[in-house]
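Here is the structure we will look at, set down as structure tokens.
Laboratory data are not the source of any read-out in this text; all were calculated from the coordinates shown. Bear in mind the structure is a predicted one, so any value in this text is a computation, not a measurement. Virtual Cβ from ideal backbone geometry, glycine too; neighbours counted across all protein chains shown.
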Amino acid sequence: MNMTQADQKRAAAEAAIEHVKVGDVVGVGTGSTAGFFIDFLARIKGKIDGAVASSDASAAQLRRLGIPLLDMNQVGTLPLYVDGADEATRNRHLVKGGGGALSREKIVAEASEKFVCIADQGKLVDRLGMFPLPIEVLEMARSLVARK
């Protein structure tokens, strides 16, 4: 049976729910596949202590579904971060950060003990680098980055 891209994303997101444990504060990524994960997370929201979002869009979805939204500064280490990939190879090399939440995604990922990547077949490539990647520079570091 051939699954649509949306079906693949939904299946990957549902499989990631198995990594969520009772009492977890879950780091949640951004994008369409992460959106499916948030939908599944809402089904077990009573089992978790909350979530930290890596984007405003994910934060809004978490709020809308009644999942307690926590600030990264309120929590220590996160047991789990679930997010999609922009590209992936069969050797599990990934490109992340092709969108606008690059810095926030990196912060949440760095604060997490475990990263579960959820992706559909459309993200599978033979060679990474099929699209330009943004470079994000925080305003306070603009001159420093320019000098480097």
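How many of the residues in region 26-55 are buried (at least 20 other Cβ atoms within 10 Å of the Cβ), of a type in the set (A, V, I, L, M) and over 9 Å from the mean Cα position of the chain (by Cα)? First the steps, then the outcome.
Quick first cut of region 26-55, residues buried (at least 20 other Cβ atoms within 10 Å of the Cβ) only: 26-31, 33-34, 36-38, 41, 51-55.
Now drop any that are not of a type in the set (A, V, I, L, M), which leaves 26, 28, 34, 38, 41, 51-53.
Keeping just the survivors that are over 9 Å from the mean Cα position of the chain (by Cα) gives 26, 38, 41, 51-52.
Adding up the residues that qualify gives 5.
Are any residues in region 14-37 under 22 Å from T77 (Cα atoms) and not in a loop (DSSP other than H, G, I, E, B), and if so, which ones?
Passing the criteria: A16, I17, E18, H19, V25, V26, G27, V28, A34, F37.
Does G31 fit the bill of being at positive phi and in contact (Cβ under 8 Å) with a residue 40 or more places away in the chain?
Values: at positive phi: yes; in contact (Cβ under 8 Å) with a residue 40 or more places away in the chain: yes.
Against the criterion (at positive phi and in contact (Cβ under 8 Å) with a residue 40 or more places away in the chain), G31 qualifies.
Can you find a residue that is loosely packed, with under 14 Cβ neighbours inside 10 Å, within 17 Å of A16 (Cβ to Cβ), of a type outside the set (D, E, K, R) and touching a helix residue (DSSP H, G or I) at 6+ places or on another chain (Cβ under 8 Å) anywhere in region 118-133?
Within region 118-133, one or more residues are loosely packed, with under 14 Cβ neighbours inside 10 Å, within 17 Å of A16 (Cβ to Cβ), of a type outside the set (D, E, K, R) and touching a helix residue (DSSP H, G or I) at 6+ places or on another chain (Cβ under 8 Å).
Could you check, for region 46-61, whether at least one of its residues is free of Cβ contacts under 8 Å to residues at least 24 places away in the same chain, in contact with a Leu (Cβ under 8 Å, 6 or more places away or on another chain), on the phi < 0 side of the Ramachandran plot and of a type outside the set (S, T, Y)?
Yes, there is a match, as at least one residue in region 46-61 is free of Cβ contacts under 8 Å to residues at least 24 places away in the same chain, in contact with a Leu (Cβ under 8 Å, 6 or more places away or on another chain), on the phi < 0 side of the Ramachandran plot and of a type outside the set (S, T, Y).
Among the residues of region 87-110, write down those that are surrounded by 18 or more Cβ atoms within 10 Å (Cβ to Cβ), under 11 Å from the mean Cα position of the chain (by Cα) and charged (D, E, K, R).
Answer for region 87-110, where residues must be surrounded by 18 or more Cβ atoms within 10 Å (Cβ to Cβ), under 11 Å from the mean Cα position of the chain (by Cα) and charged (D, E, K, R): K96, R104, E105.
Just to be sure, is I67 farther than 22 Å from Q8 by Cα, surrounded by 15 or more Cβ atoms within 10 Å (Cβ to Cβ), out of contact with any Phe, Trp or Tyr (no Cβ under 6 Å at 6 or more places or on another chain) and not charged (D, E, K, R)?
yes
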